[in-house]
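J.: My questions all concern the structure below.
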Amino acid sequence: MSRTSTVTLPPTSGIHVGIIMDGNGRWAASRGLPRSAGHHAGVRTARAIVESAVRAGIGTLTLYAFSSDNWSRPTPEVNALMRLLRRSLHTESKRCLENGVRLTIVGRRDRLPAALRAAIADAEAVTARCRNLHLRVAIDYSSRDGILLAAERYAQQIARGVGPDSLTREHFGELLAEVHHDPRPVRDVDLLIRTGGEQRLSDFMLWECAYAELYFTSAMWPEFGEDELRQALRTFESRERRFGGVPAQAAS
Ligand code: FPP
């Protein structure tokens, strides 16, 4: 006899949340601290938000840690960020394992220091079987570069005789996942959060955010906590997502 579950999941259960973690530098400067102190505080916030995301039942969380344009920052800051990311992956992968969080890294790998590449491989292997949350950290990530690369791969497939009618959104999503080193395509972003007061996408998941709800907050990333995440989720729940259709009332 089959039994039907009576558990009602909240509307945010299993959703994909992307976060542009902005404001580390300004948070530090406003306290008379070096920018590196802001990045260290940013790692602590990321850790707390991952644990909050598990509690909130979020399915996928993508954090923008280092954009391909961030290479233009002063070399000492770039080097310090690379070291911080390597150390964080090392320590956080253990916490991820304890919390059932699968950790994968999206973005280019060929320009990263070898030690960071090794830390990525290790973190991904250690957490591969975790299922409570899929945490994706974007490092050396450019959405536009990814789209260009995926288009190039598709052109190569056409040249090898793949029919042009194979260019579906699903197929393009698979090519995009491949170029960003994603194990497989993720669901579209449901909610995109940006801290730090700016209101722009900064080349982050442009394809996946086609129908994302956008949430901007003036809180600097190190100040963002579980209460702010809950507030963003409540705002998300209050929005009517129409995906190009008409309001539910008009449709009935
Ligand atoms: C933005 O602050 C943040 C970054 C450039 C990314 C670095 C983020 C971390 C180190 C925290 C997350 C870490 C992990 C492991 C997921 P900013 O420097 O752009 O700040 P500003 O706009 O105030 O200058």
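The values are calculated or read from the model by the stated rules, or taken from the named source; none is laboratory data. Source: prediction; values computed, not measured. A quick note on method: Cβ atoms are made from the backbone with ideal geometry, for glycine too, and the neighbour counts reach across all protein chains shown.
J.: Out of all the residues in the stretch 131-172, which are under 30 Å from Met82 (Cβ atoms) and among the β-branched types (Val, Ile, Thr)?
T.: Across the stretch 131-172, the qualifying residues are Val137, Ile139, Ile147.
J.: Moving to a separate point now. Need the failing condition index for Ile139 against (1) more than 23 Å from Ala212 (Cα to Cα); (2) under 14 Å from the mean Cα position of the chain (by Cα); (3) β-branched (Val, Ile, Thr), just the number.
T.: Every condition holds for Ile139 apart from (1).
J.: Any idea which residue in the stretch 70-89 is nearest to Cys130 (Cα to Cα), counting only those that are more than 10 Å from the ligand (Cβ to nearest atom) and either acidic (Asp, Glu) or touching a residue at least 12 places away in the same chain (Cβ under 8 Å) (or both)?
T.: Met82
J.: Something else: I'd like the residue in the stretch 161-207 that is closer than 26 Å to Phe236 by Cβ and of a type in the set (Gly, Ala, Ser) and, out of all such residues, is farthest from the chain's Cα centre (by Cα).
T.: Here the answer is Gly197.
J.: Quick check: anything in the stretch 148-171 modelled with pLDDT of 95 or more, closer than 20 Å to Ala212 by Cα, part of a helix (DSSP H, G or I) and not hydrophobic (A, V, I, L, M, F, W, C)?
T.: Within the stretch 148-171 (the criterion being modelled with pLDDT of 95 or more, closer than 20 Å to Ala212 by Cα, part of a helix (DSSP H, G or I) and not hydrophobic (A, V, I, L, M, F, W, C)), the answer is no, since none of the residues qualifies.
J.: On to the next question. Does Tyr215 meet the test of being assigned to a helix (DSSP H, G or I) and of a type in the set (Phe, Trp, Tyr)?
T.: On the way: assigned to a helix (DSSP H, G or I): no; of a type in the set (Phe, Trp, Tyr): yes.
The answer is no for Tyr215.
J.: Sticking with this structure for a sec: If a residue has to be without any contact (Cβ under 8 Å) to a residue 12 or more places away in the chain and either within 14 Å of Leu133 (Cα to Cα) or within 8 Å of the ligand (Cβ to nearest atom) (or both) to count, how many in the stretch 26-54 make the cut?
T.: 1
J.: Moving on. Yes or no: Ala118 within 20 Å of Arg108 (Cα to Cα), outside any loop (DSSP other than H, G, I, E, B) and either in contact with a Leu (Cβ under 6 Å, 6 or more places away or on another chain) or without any contact (Cβ under 8 Å) to a residue 12 or more places away in the chain (or both)?
T.: Details: within 20 Å of Arg108 (Cα to Cα): yes; outside any loop (DSSP other than H, G, I, E, B): yes; either in contact with a Leu (Cβ under 6 Å, 6 or more places away or on another chain) or without any contact (Cβ under 8 Å) to a residue 12 or more places away in the chain (or both): yes.
Against the criterion (within 20 Å of Arg108 (Cα to Cα), outside any loop (DSSP other than H, G, I, E, B) and either in contact with a Leu (Cβ under 6 Å, 6 or more places away or on another chain) or without any contact (Cβ under 8 Å) to a residue 12 or more places away in the chain (or both)), Ala118 qualifies.
J.: Please specify each residue of the stretch 157-207 satisfying the condition of being closer than 16 Å to Gly146 by Cβ and among the charged types (D, E, K, R). Step through it out loud before you land on a result.
T.: Residues of the stretch 157-207 closer than 16 Å to Gly146 by Cβ: 169, 171-186, 188-189, 201-207.
Arg169, Glu174, Glu178, Asp182, Arg184, Asp188, Asp203 - these are the residues of the stretch 157-207 that are closer than 16 Å to Gly146 by Cβ and among the charged types (D, E, K, R).
J.: Same structure, new question: Any residue that is of a type in the set (Phe, Trp, Tyr) and at pLDDT 95 or above - is there at least one of those in the stretch 233-240? Walk me through how you get there before you give the answer.
T.: Filtering the stretch 233-240 down to residues of a type in the set (Phe, Trp, Tyr) leaves 236.
Right, trim to at pLDDT 95 or above and you get 236.
Yes - at least one qualifying residue is present in the stretch 233-240.
J.: What number of residues within the stretch 194-215 are out of contact with any helix residue (DSSP H, G or I) (no Cβ under 9 Å at 6 or more places or on another chain), crowded, with 17+ Cβ neighbours inside 10 Å and farther than 21 Å from Pro11 by Cβ?
T.: The qualifying residues number 1.
J.: Considering only the stretch 237-247, I want to know if a residue exists there that is under 19 Å from the mean Cα position of the chain (by Cα) and touching a residue at least 24 places away in the same chain (Cβ under 8 Å). Before you say what the answer is, go through the steps one by one.
T.: We begin by selecting, within the stretch 237-247, every residue under 19 Å from the mean Cα position of the chain (by Cα); these are none.
No, there is no match, as no residue in the stretch 237-247 is under 19 Å from the mean Cα position of the chain (by Cα) and touching a residue at least 24 places away in the same chain (Cβ under 8 Å).
J.: Given (1) β-branched (Val, Ile, Thr); (2) more than 12 Å from the ligand (Cβ to nearest atom); (3) closer than 24 Å to Glu198 by Cβ, where does Thr62 come up short, assuming only one miss?
T.: Every condition holds for Thr62 apart from (2).
J.: While we're on this one: Residues Ala210, Ala128, Ala123: which one is farther than 21 Å from Gly23 by Cβ and assigned to a helix (DSSP H, G or I)?
T.: Values: Ala210 fails: assigned to a helix (DSSP H, G or I); Ala128 fails: assigned to a helix (DSSP H, G or I).
Testing whether each residue is farther than 21 Å from Gly23 by Cβ and assigned to a helix (DSSP H, G or I) leaves just Ala123.
J.: Residues of the stretch 120-137 being of a type in the set (A, V, I, L, M) and buried (at least 22 other Cβ atoms within 10 Å of the Cβ), which ones? Before the answer, list the steps.
T.: Narrowing the stretch 120-137 to residues of a type in the set (A, V, I, L, M): 120-121, 123, 125-126, 128, 133, 135, 137.
Scanning the stretch 120-137 gives Ile120, Ala123, Leu133, Leu135, Val137.
J.: Regarding the stretch 223-240, can at least one residue be identified that is touching a Gly at 6+ places or on another chain (Cβ under 9 Å) and within 16 Å of the ligand (Cβ to nearest atom)?
T.: We begin by selecting, within the stretch 223-240, every residue touching a Gly at 6+ places or on another chain (Cβ under 9 Å); these are 223-224.
Retained after the next criterion (residues that are within 16 Å of the ligand (Cβ to nearest atom)): 223-224.
Yes: the stretch 223-240 contains one or more residues that are touching a Gly at 6+ places or on another chain (Cβ under 9 Å) and within 16 Å of the ligand (Cβ to nearest atom).
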